[in-house]
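FYI, it's all coordinate maths here, none of it is from the lab. All values derive from a computational prediction rather than experimental measurement. A quick note on method: Cβ atoms are made from the backbone with ideal geometry, for glycine too, and the neighbour counts reach across all protein chains shown.
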């Protein structure tokens, strides 16, 4: 069992080793980083403070006073370096100039000289066997306490102000650093400053041991929030440590064997041989432990420049998009020790497509870019997005809508097990992105990883853009002949269409000229005879002639209206003004308008009231009346005897169907197929109604379809009558 004194010595030794290890690791990881350098200096002074406490406790009467003064002098430099560290961390820039740094340490140097060379702070140290040494403090000890407190107070104030103005990972890092320093400093203040001042020396070693709390919390921040990013260095340090142990063991075995075989060899020669052996075997031993770490513990070790150089060589040789994707994904999976990665390339219109997918489900791989939030965010930040940092980002985002989008992104990344989104940016715009899963080791992405991925993305962005352009050129080249053939075929079809249009135009002018000439000739002839007084003495004949003039004029107006309607339809200038109306009422009123024409011809026209209440329809009333009038007029023209029947019914709870049946001339099948084309007239029309233009049914169909309706015809054949159907959508519920 250890005694109390032994326990305290072991605690100090453990604290010493832990702080040495942490300080060296931090310094070796960032020799040019002000954060790492300033932090390592603080740790170094803590190590010296701990070591001086150990030697102070072990010193005899002749040296104990000197070690006691060194102990308290070291504590002053710990406070000064802590204050300097708080000016630098976490942004990594020096806010103080050299003169300011000198002035910061000038009181420290002066106070340290007072401690070491005078009795102003420490007057005497009395060694008491079996107990703690008793320190007799001088008149200036209160000044010493005030100095320590003021420097730590300013340091904590700096950390608190930095915490308030920081966001994301630095804010969380500051929280743990502040907490660790605060706990350790307060314990040290009580146990190493206040209690000894009151004459109790039993806990004057606890302040050094309390730095374990600071080291522990800082290590937690390192592991969880990538503080100074030395987790990689921790792993690498273990491998170096194991390698050194085995090299030493092998070298000692070699030395033992060599002395047995060659006992006459001198010590100097043997030492030289051992150095050569140690140097020679260190490389293979280190590589062996690296392979063990990579195989069983997924330890990742790579040479940053070598990876980029090797990748760069491959990128310059490959132009095929598929081969390029294979190279990039294989490099990432091998270097980062991953089991999933997906490359998404952005096509025209901002739509992403999966170029290569390893490990992710197809739908999951594309789900992150279904909206533009992630794309816009990465274009703005221009750096990789790590899943672990989203929680910090959510806490620091004030805008509610943006925070909700980040939370949705976090949830989606967690669902698909994505850990990092790497943007491929060229000229400030995203051309694609690479989504990576977790490392096989479960480790986070370190700062070195982020730097490597950013460099890789810069090279890959150019290569992918070139490959995409090359693919487009290849596609154009391979399909050029096909596209030329298609365009030639389209030109031929367009030429035929132009021929048909030209022919239709000629027919149009011919028909219109004929249709205009006939009523105009009738009007002109009759007016000429009236003017000459031919009918002055025959009033009855004169009335008949005036009736003919009126009817010819009406036909002329109808024709001109039809031509104008077609012109507006083809120019897209027809306006549809829908309203909710009772379609049955509109149909009934239109039928009533045609009753006189039906009576004059001796044909019965019948409207059947619906057996059930019809729902309202959304139609343009005037256009609908035009449709009905054209169909009814057409039915009456080609029906010499019998009747025309009009009825309505609901169809599929979505439409209202109007049916118009006549007992007229009927139509052949081939006539029905072209019935609604412009200037199309059936054989019956040409025989029995020569004045028709063939425009009415075309206009009727256009007006019906513009309202979301449909019109069609049917007939059992010549002499068997015709059926016309008009369907309109009912009012939406």
Order of 594, 529, 22 - criterion: other Cβ atoms within 10 Å of each residue's Cβ, fewest first: 529, 594, 22
Approximate spin-label separation residue 146-residue 400, in nm, with each point projected 7 Å along Cα-to-Cβ: 5.3 nm
Descending semi-axes in Å of the range 617-671, equivalent ellipsoid built from Cα gyration tensor: 24, 14, 11
Highest to lowest packing among 595-608, 53-66, scored as the average C-beta count within 10 Å: 53-66, 595-608
Packing-based order for 655-666, 610-621, using average beta carbon neighbours within 10 Å, highest first: 655-666, 610-621
Label point distance in nm, residue 596-residue 249, each placed 7 Å from Cα along Cα→Cβ: 12.0 nm
Kirkwood Rh in Å, taken over the range 344-412 so that all alpha-carbon pairs contribute: 13.3 Å
By average C-beta atoms within 10 angstrom, highest first, the peptides 487-496, 641-650, 75-84: 75-84, 641-650, 487-496
Potential extension, residue 429-residue 322 segment - 0.36 nm per residue separation minus Cα distance: 36.3 nm
